[in-house]
Amino acid sequence: MSANVHVPQGLDTLQGEMGLAVATPFTWDEDLEYTIHTESYSDNIVEQIISQKGISSRDRLMLYNRGYWWRLFTIMQDEMPLIVHLLGYAEFNRFASAYLETYPPDSPTLNYLHNYIPDFMIRNHDWSTPILIQAAKLDYYYIKAFD
């Protein structure tokens, strides 16, 4: 059975711009404070979002952006407890942010966020210490044992 579905013109562009805004990475300073780059959201997507209850459209997008990243950080913290223990939460989130910029999620289930962690740690000089690499491998193999 085939349905005649009307897709509004420009919907795919709008969805793409929304995805880019939500997935805009944070930057981290030396004190492990993060900055959300709302200025990088496209003007088109900002114009499409309705301001509500005193929250601007750009700030509403920022809430989605922050929520997306904190959800990814939480999943990775749960999956990588040894690395979290060694780095602490703030440094782990900086690590996870750099990792996810290099290896963005490519599955809607988010079950495979950790797939490239050992390789990333080996190749990234900020986290290329033997203890962190070993912890990454142990965390990774623990996850794989239960998948």
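The values are calculated or read from the model by the stated rules, or taken from the named source; none is laboratory data. Everything quoted here is computed from the prediction, not taken from an experiment. All Cβ positions, even for glycine, are placed from backbone atoms using ideal geometry, and neighbour counts span all protein chains on display. Keep in mind that these areas ignore ligands, DNA and RNA; they rest on the heavy atoms of the full protein, side chains included. Shrake-Rupley method; radii C 1.70, N 1.55, O 1.52, S 1.80 Å.
Scanning segment 93-120 for residues that are hydrophobic (A, V, I, L, M, F, W, C) and farther than 15 Å from P81 by Cα yields A98, L100, L110, F120. Scanning segment 116-132 for residues that are assigned to a helix (DSSP H, G or I) and among the aromatic types (F, W, Y) turns up F120, W127. Consider segment 109-123 and keep the residues that are closer than 17 Å to Q134 by Cα and open to solvent by less than 30 Å² (accessible area, probe 1.4 Å). The one that is modelled with the highest pLDDT is F120. Restricting D106, D78 to residues that are within 30 Å of Q15 (Cβ to Cβ), open to solvent by 80 Å² or more (accessible area, probe 1.4 Å), in a helix (DSSP H, G or I) and without any contact (Cβ under 8 Å) to a residue 24 or more places away in the chain narrows the list to D78. Select from segment 30-62 the residues that are part of a helix (DSSP H, G or I) and open to solvent by 80 Å² or more (accessible area, probe 1.4 Å) and write down the one among them that is farthest from T13 (Cα to Cα). That would be E39.
Contact annotation: residue pairs with Cβ atoms under 9 Å, 6 or more positions apart or on different chains, pairing a residue in segment 1-29 that is under 14 Å from Y41 (Cβ atoms) and surrounded by 12 or more Cβ atoms within 10 Å (Cβ to Cβ) with a partner that is of a type in the set (K, R) and at pLDDT 90 or above, are F26/R66; F26/R94. If the condition is being under 28 Å from F73 (Cα atoms) and assigned to a loop (DSSP other than H, G, I, E, B), then segment 1-29 contributes A23, T24, P25, F26, D29. In segment 85-101, the residues that are exposed (fewer than 13 other Cβ atoms within 10 Å of the Cβ) form Cβ pairs under 9 Å with partners that are at pLDDT below 95 and not hydrophobic (A, V, I, L, M, F, W, C), at six or more places apart or across chains, as follows: E101/P25. The single condition from (1) in a loop (DSSP other than H, G, I, E, B); (2) under 19 Å from Y140 (Cβ atoms); (3) at pLDDT 90 or above that L72 fails is (1).
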